[in-house]
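Below is one structure; the comments refer to it alone.
The values are calculated or read from the model by the stated rules, or taken from the named source; none is laboratory data. If you're wondering where the values come from, they're calculated on a predicted model, not measured in any experiment. Heads up, the Cβs are rebuilt from the backbone with ideal geometry, glycines too, and the neighbour counts pull from every protein chain shown.
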């Protein structure tokens, strides 16, 4: 907790804006919540102008509701169950229509209620809500975090040898070696992608690794769908030209060899499916069999969306 | 090998490289749900938002978390989170946009692969498009191109009541910035893929010709980026949109074509709801409540207070509930002749 305290007038004003007395949240309790939120947001002690601006941006009513729920106010809980529990379930169903994530949602609900005790004290997950987003957005984010962590935990990720430990490939070993071309392309694309701007890497990752639609990517990044589309096309073009330049200048490949390099990837898509070997973020625990496998949605999309002969 | 095939080759490798789990950063560097929610809501300071973005760009775990979060997000509510994001941290400096545009211009021509378009089939990425079709499709996805489920029958636009005037001003500023960004970056909008026999478009002169040829598409793209989310009537074909806060346009073709409608005198308009292809309510500043029953002509209805109205929910052409920035709500069941304050 910070060593400073918010002025009483500021707390009183925020308390009124939050309509915190609706849930019988005391001014002192609300002050503690606000101060915790400020401590989370600022690494150094902010001045009052920054504090005022920050507090005005908070979802104060949601913060008051969370504070009341954390202290067990019946009316607040009734309101939360009515308004937000359906949100949790809908969100859970959205990522797993078989109902597998409902258990996650129920577990989260239990933690919000404060079923978990530490040192004899009931602790609610609401203590981690700081009002920087709406309560429903925060709930979805927590559920997303739990979902992904559960998937990754059950995937039994195993470390793989670093690339340096494997047999080194001589710089000219790729010549006349299609299998060498594939590894070379992989390495070269990795280097070129790493040099892209973070936002471009993010767009490409969302599109190619996470299988999000353009609209979903737009929502994630705050961009119009058309902007996402244009930028992905531009980034993809940058990667292609970057690869061509590197193959020409760094690998000293001729135009014909560069052509073969690109062609080798197209001809040998199967062996390049490293994701099957490593496991990808899309792998999920199949509730029916207990085995990991491709995300059903992604598999459906791929089989439905790809024309015959197109890349998988 | 044509550029299209090379792009396809790159796509194969991208898919593998970006899915490589070895890209995961140590868990201690990962973001938690609260940071994710704040980031999505645009509440992080610019510096922190940029740091989060840099981390997520390279972290498979956090990307998966964001992907799951976005998939959970109800479409009807996304207008709130998208537009709140304009407040902080997501504003692209003009210099960066100019740099992106310069990079665009410097690149040799357009990819032989068409610009990605969301359709029911994402394989549109690999499908060749005719120049004309591309010029029309690129700026705005058509109805056929939309992959989103149709919005709910009672379309309800929400604007975050807590954002207040500050957010509204920042929304207007960010709309201007986005228009500038799209105008600068829109060099290739609608640009058709070059024919196989064309000389590489590497020269600046070729780029200038290309830019001139796409002027209409650029203007259109910039204009599109300045609109709030659409107000869609049940059925999806009829919809309206608020442009620059003061104009309203209507489409009867699910967004393929738009025409301005009469709304006079216009005030700053913020939200709307449509209950049928011809009935649409729009609300805005200073007690502005507008209604159309023929789809085209909006009439301003009397409202008891000059409150800034930011939310509207309607069931037909007589009954509507509106809410103000300060959280108050009113309802009418007689097309605005009388209003009652809701508790």
Quiz prompt | Members of the range B:302-316 found to be assigned to a loop (DSSP other than H, G, I, E, B) and at pLDDT 90 or above, listed by number | solution = B:303, B:304
Quiz item: Quick one: is residue B:50 crowded, with 22+ Cβ neighbours inside 10 Å, at pLDDT 80 or above and either facing chain A (nearest Cβ under 9 Å) or within 29 Å of residue A:242 (Cα to Cα) (or both)?
Solution: no
Exercise. Quick one: count up the residues across the range B:5-41 that are more than 7 Å from every other protein chain (Cβ to nearest Cβ) and either out of contact with any helix residue (DSSP H, G or I) (no Cβ under 8 Å at 6 or more places or on another chain) or at pLDDT 85 or above (or both).
Key: 6
Quiz item: Pick from the range A:14-51 the residues that are within 11 Å of chain B (Cβ to nearest Cβ) and surrounded by fewer than 21 Cβ atoms within 10 Å (Cβ to Cβ): which of them is nearest to residue A:129 (Cα to Cα)?
Solution: A:37
Self-check item: helices (runs of 4 or more DSSP H) wholly inside the range A:30-133 containing at least 1 residues that are free of Cβ contacts under 8 Å to residues at least 40 places away in the same chain
Solution: A:48-57, A:74-83, A:85-95, A:102-113
Practice problem: Would you confirm whether any residue within the range A:264-281 is more than 9 Å from chain B (Cβ to nearest Cβ), surrounded by 16 or more Cβ atoms within 10 Å (Cβ to Cβ) and either at pLDDT 90 or above or within 20 Å of residue A:193 (Cα to Cα) (or both)? | Solution: no
Quiz item: Quick check: anything in the range A:249-263 assigned to a helix (DSSP H, G or I), facing chain B (nearest Cβ under 7 Å) and touching a residue at least 60 places away in the same chain (Cβ under 8 Å)?
Solution: yes
